[in-house]
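Below is one structure, written out as structure tokens; comments come after it.
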Amino acid sequence: MTNDTDINDPETVVKINNLYKSFGKNEVLKGINLTLSKGENLVVIGRSGCGKSVLAKCIIGLVNADQGKVFLFGNDITGYKRKELNLLRSKIGFLFQSNALYDSMNISDNLTFTLQRREKGKSRKELDMQVEEVLENVGLPESKYMMPAELSGGMKKRIGLARALILKPQLMLYDEPTTGLDPITSREISQLMLEMQHAYQISSVIISHDLQCTRITANRIIALIDGKCYAGGTYTELARSMDPKVNSFFI
């Protein structure tokens, strides 16, 4: 049942009620219920193919649910048209596994490309100031005129994060943010995500297999098992669970 108090609460960023999604005979999500609060990092864990990425796509309207409701910033996005969704998506930042940088553009141009479309009329000086600020925040001020091919995997991940943050999103979606990184770089990226959460007061949904990333970034964790939010709690609470389905993630 929908809790109108939660939906209208300015502290509630995402609210999902009884969400179902199937692809043919494959039932992926089977009655998902969750809430993301303002300033919170929510990590979603689960086995490969369990529906974590499908859930993330439902949250932003890239995939339509078969049943249930998704509320973004208090808005029921069920049946929203593209224009309406795009207005809400302007408040959302994305960090993809691939980083999705434009190889033909230097880092400055990668960062300003979307910014120029979103905030038309800004001078080059104003854009440069925003680029320099966000590069400083992710620890790569010297990379402004470098090309993506000159960057390491960890540096590309930082630039991907910078490109999302430059739009000052209220909600961040991270899709396996540490995939392909060595343990040391993975820890650095996880720490950076935590620092950016505090610096920008961002709410985040983090899809991750990485226990180190989960431990560092999560305020709260949801274990997605058998298409449902099977268990939830802090890292310590779930790691100490006596339920073998939950405990297996932390072994």
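A few notes on this one:
- Listed by Cβ neighbour count within 10 Å, with the fewest neighbours leading, Ile159, Ile251 appear as Ile251, Ile159.
- Normalised by the number of residues in region 52-211, the average gap of Cα pairs under 8 Å and 6 or more apart makes the relative contact order 27 percent.
- When +1 charges are put on Lys and Arg Cβ atoms and -1 charges on Asp and Glu Cβ atoms, the dipole computed for region 4-250 relative to its Cα centre reaches about 660 debye.
- Summing Cβ point charges (Lys, Arg +1; Asp, Glu -1) relative to the Cα centre of region 74-168 gives a dipole of roughly 480 debye.
- Neighbour counting of Cβ atoms within 10 Å sorts the residues Lys15, Lys168, fewest neighbours leading, into Lys168, Lys15.
- Amide H contacts of Arg220 (H built 1.01 Å from N, under 5 Å, at least 5 apart or other chain): Asn41, Val43
- Rounded to the nearest Hz, the phi-derived 3J(HN,Hα) couplings of region 32-49 under the Karplus curve 6.51 cos²θ - 1.76 cosθ + 1.60 (θ = phi - 60°) are 7, 10, 7, 9, 10, 8, 4, x, 9, 9, 10, 9, 9, 10, x, 5, 4, x, where x marks glycine and proline.
- Phi angles of region 13-26 translate, via the Karplus equation with coefficients 6.51, -1.76, 1.60 and θ = phi - 60°, into HN-Hα couplings of 8, 10, 9, 10, 10, 6, 8, 10, 8, 10, 10, x, 8, 8 Hz per residue; Gly and Pro are given as x.
- Bridge orientation summary for the chain: considering DSSP beta bridges with both residues in this region, about 55 percent are antiparallel.
- Residue order, fewest to most surrounding Cβ atoms within 10 angstrom, among Lys156, Lys245, Lys81, Lys228: Lys81, Lys245, Lys228, Lys156
- Estimated 222 nm signal from helices in the chain, with DSSP H stretches of n ≥ 4 weighted -39500 (n - 2.57), rounded to 500: -10500 deg cm²/dmol
- Which listed pairs, of Lys157/Lys228; Lys57/Lys168; Lys57/Lys120; Lys15/Lys81; Lys38/Lys122, have C-alpha distances above 24 Å, in listed order: Lys157/Lys228; Lys57/Lys120; Lys38/Lys122
Read the figures in this text as sums done on the coordinates, not as results from a lab. Bear in mind that the values here come from a model prediction, so they are computed numbers and not experimental data. As a convention, Cβ positions derive from the backbone with ideal geometry for all residues, glycine included, and neighbour counts pool all protein chains shown.
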